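For reference, the structure discussed in these notes is given below.
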Amino acid sequence: MENRALTSLSGERGILLVISGAAGTGKGTVNASLLRRHEEYRYSVSATTRAPRPGEVDGREYHFISRQAFEEAIREGNILEYTEYCGNYYGTPRSELKKLDEGKNLILEIEVEGAMNIKRLFPESVTVFILPPDYETLKRRLIGRGTNTPEDIENRMKKALSEFTFVKDYDYAVLNRDGEADRTADVIASIVECEKHKTARAPGAVETLFFGKEHR
Ligand code: 5GP
């Protein structure tokens, strides 16, 4: 009988998808679109020591935990990767990887250092950097996100631009145009779909599927 569950040679395990992007790139909106419109995606809920922002729910955006609990989780080996960012810890709980076994693609929305650590630990992961379409758009998106003094805007511009120097270390860079988050999400979904069909992801699969039975 036809094996309808098998959609690619690489099997049913999901893809570990790392998404980064500085403030002003729109990565949050793109990820939300990916999760809402593509049911084969799950979100990796990080742990953090920063306080929840209005509207954030514990266990949904983050697991909000104390510094002491975070350090204990590191010691016990329960944190896959972590970083200190603006004075707070952020890390990926090892347990989040279980979502991959359910055949779902797992989105890790993490910063550059964490992304590079994941790529080292899991070379088969797919790293994507989301960029604004141009300098002016970035500047416009950053205005209104803080105190808005010229100095503040300049600092946030500098920070974003310094993160862009790491784009070359990612597998893919995707431009996110104004009002086109759904389209950007679809581009990322097609990248993931292509990755699933890479021959390098399925060593020995053809032998098992087509020749194994004859050789037994
Ligand atoms: P925010 O405080 O704005 O939610 O996040 C600050 C930064 O931390 C963002 O760049 C976000 O992608 C990153 N971040 C969130 N969770 C993790 C994580 O588990 N590991 C790492 N390395 N960075 C994270």
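Give the residues of the range 66-89 that are modelled with pLDDT of 95 or more, farther than 21 Å from Leu121 by Cβ and in a loop (DSSP other than H, G, I, E, B), sorted by residue number.
Ser66
Could you list, in sequence order, all residues of the range 90-120 that are in a helix (DSSP H, G or I), more than 23 Å from Leu6 (Cβ to Cβ) and either outside the structural domain of Lys27 (by TED's automatic domain parsing) or in contact with a Leu (Cβ under 7 Å, 6 or more places away or on another chain) (or both)? Full working, then the answer.
So the first thing to find is which residues in the range 90-120 are in a helix (DSSP H, G or I), and the list is 94-101, 112-120.
With the extra rule that they be more than 23 Å from Leu6 (Cβ to Cβ), the set shrinks to 94-96, 112-120.
Of everything in the range 90-120, those that are in a helix (DSSP H, G or I), more than 23 Å from Leu6 (Cβ to Cβ) and either outside the structural domain of Lys27 (by TED's automatic domain parsing) or in contact with a Leu (Cβ under 7 Å, 6 or more places away or on another chain) (or both) turn out to be Arg94, Ser95, Glu96, Ile118.
Please report, ordered by residue number, the strands (runs of 3 or more DSSP E) entirely within the range 8-65 with at least 3 residues that are near the ligand (Cβ under 10 Å from one of its atoms). Write out each step before concluding.
Numbers: elements: 16-20, 41-43, 46-48, 62-64.
Of the strands (runs of 3 or more DSSP E) lying wholly inside the range 8-65, those with at least 3 residues that are near the ligand (Cβ under 10 Å from one of its atoms) span 16-20, 46-48.
Do we find that Glu136 is among the charged types (D, E, K, R), in contact (Cβ under 8 Å) with a residue 40 or more places away in the chain and closer than 21 Å to Ala23 by Cα in this structure?
Values: among the charged types (D, E, K, R): yes; in contact (Cβ under 8 Å) with a residue 40 or more places away in the chain: no; closer than 21 Å to Ala23 by Cα: yes.
Answer is no for this residue.
How about the range 172-216: which of its residues are open to solvent by 70 Å² or more (accessible area, probe 1.4 Å), charged (D, E, K, R) and either assigned to a helix (DSSP H, G or I) or in contact with a Lys or Arg (Cβ under 9 Å, 6 or more places away or on another chain) (or both)?
Matches in the range 172-216: Arg177, Asp178, Arg183, Glu193, Glu207, Lys213, Glu214.
Residues checked against (1) farther than 23 Å from Glu195 by Cα; (2) over 13 Å from the mean Cα position of the chain (by Cα); (3) of a type in the set (Gly, Ala, Ser); (4) open to solvent by 30 Å² or more (accessible area, probe 1.4 Å):
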| site | (1), (2), (3), (4) |
| --- | --- |
| Leu16 | no, no, no, no |
| Tyr41 | no, no, no, no |
| Ser44 | no, no, yes, no |
| Ala69 | yes, yes, yes, yes |
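For the range 140-155, does any single residue satisfy the condition of being more than 16 Å from the ligand (Cβ to nearest atom), in contact (Cβ under 8 Å) with a residue 24 or more places away in the chain, open to solvent by 80 Å² or more (accessible area, probe 1.4 Å) and not in a loop (DSSP other than H, G, I, E, B)?
Scanning the range 140-155 turns up no residue that is more than 16 Å from the ligand (Cβ to nearest atom), in contact (Cβ under 8 Å) with a residue 24 or more places away in the chain, open to solvent by 80 Å² or more (accessible area, probe 1.4 Å) and not in a loop (DSSP other than H, G, I, E, B).
Identify all residues within the range 94-109 that are open to solvent by 20 Å² or more (accessible area, probe 1.4 Å) and within 8 Å of the ligand (Cβ to nearest atom); write none if there are none.
Of everything in the range 94-109, just one residue is open to solvent by 20 Å² or more (accessible area, probe 1.4 Å) and within 8 Å of the ligand (Cβ to nearest atom), namely Glu109.
Residue pairs, Cβ under 7 Å, 6 or more apart or interchain, first in the range 6-32 and at pLDDT 95 or above and of a type in the set (A, V, I, L, M, F, W, C), second within 12 Å of the ligand (Cβ to nearest atom) and part of a loop (DSSP other than H, G, I, E, B). List them.
Val18/Ile110
Name the single residue that is nearest to the chain's Cα centre (by Cα) among those in the range 110-138 being within 8 Å of the ligand (Cβ to nearest atom) and acidic (Asp, Glu).
So the residue we want is Glu111.
The values are calculated or read from the model by the stated rules, or taken from the named source; none is laboratory data. This structure is a prediction, so every number in the text was calculated from the model and none was measured. Backbone-built Cβ (ideal geometry, glycine too); neighbour counts: all protein chains shown. To get the accessible areas, we keep the full protein, side chains included, count just its heavy atoms, and leave off ligands, DNA and RNA. Shrake-Rupley method; radii C 1.70, N 1.55, O 1.52, S 1.80 Å.
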